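> So that we are looking at the same thing, I have put the structure below in structure tokens.
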Amino acid sequence: MTSEPPLDAPDPPAVPAAGVPPRVVLLGRAGCHLCDEARAVVERVTGELGVAWQEQSVDDDPELLRRYAEQIPVTFVDGRRHDFWRVDEARLRAALR
């Protein structure tokens with residue numbers, strides 16, 4: 001019996017060279033000012049905590065675009081949708097501890 005990923009999970013991101021999948025995935029797109037703000041928060045928190053993260057563009061995947069275009073930026077922590085539109089720094093920090 002195989003387990004299916006949660007419906008709100010993005011396609012599994014590519015595993016970084018270190019072999020450890022990122023705990024945080026940020027879905028966004030170029031030219032999105034909310035995505036720029038979210039990126040800054042994600043970079044700061046993950047950098048302070050030493051947590052791997054990855055950014056993915058909804059424009060690179062038709063299914064991600066269909067599902068999340070109206071919610072970007074969307075953050076996922078450990079494969080589950082965490083926030084959309086804005087990233088709450090304290091909430092992200094708590095989820096990563």
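Each reported figure results from applying straightforward, stated rules to the coordinates on display, with no laboratory input. These numbers come from a predicted model, not from an experiment. Glycine also receives a Cβ, built like all others from the backbone with ideal geometry; neighbour counts cover every protein chain displayed.
> Quick one: order Leu92, Leu65, Leu26 by neighbouring beta-carbon count within 10 Å, fewest to most. All intermediate terms of the calculation are to be shown ahead of the outcome.
Working: Leu92 22, Leu65 15, Leu26 26.
Listed from fewest to most nearby Cβ atoms, that is Leu65, Leu92, Leu26.
> Fewest first, what order do Val41, Val58, Val74 take by the number of other Cβ atoms within 10 Å? Before the final figure, lay out each step's value.
Details: Val41 19, Val58 23, Val74 26.
Fewest-to-most Cβ neighbours within 10 Å comes out as Val41, Val58, Val74.
> Within 10 Å of each residue's Cβ, count the other Cβ atoms and sort Thr75, Thr46 from fewest upward. Show your work: numbers first, answer last.
Working: Thr75 24, Thr46 20.
Ranking Thr75, Thr46 by Cβ neighbours within 10 Å, fewest first, gives Thr46, Thr75.
> How large is log10 I(q)/I(0) at q = 0.12, 0.17, 0.24, 0.28 Å⁻¹ when the Debye formula is applied to the Cα atoms of segment 24-95, each weighted equally and without solvent?
The calculated log intensity ratios at q = 0.12, 0.17, 0.24, 0.28 Å⁻¹ are -0.27, -0.54, -1.06, -1.39.
> For segment 43-97, give the magnitude of the charge dipole about the Cα centre (Cβ charges: +1 Lys/Arg, -1 Asp/Glu; no others), in debye to the nearest 20.
Numbers: 9 positive and 12 negative charges, 68 e Å.
Computed charge dipole of segment 43-97: roughly 320 debye.
> Once the Cβ-Cβ distance between Ala52 and Ala90 is put in as r, and R0 is 22 Å, what FRET efficiency do you end up with, to the nearest 0.05? Walk me through the numbers before you get to the answer.
Working: r = 20 Å, r/R0 = 0.93.
Taking R0 as 22 Å, the efficiency between Ala52 and Ala90 is 0.60.
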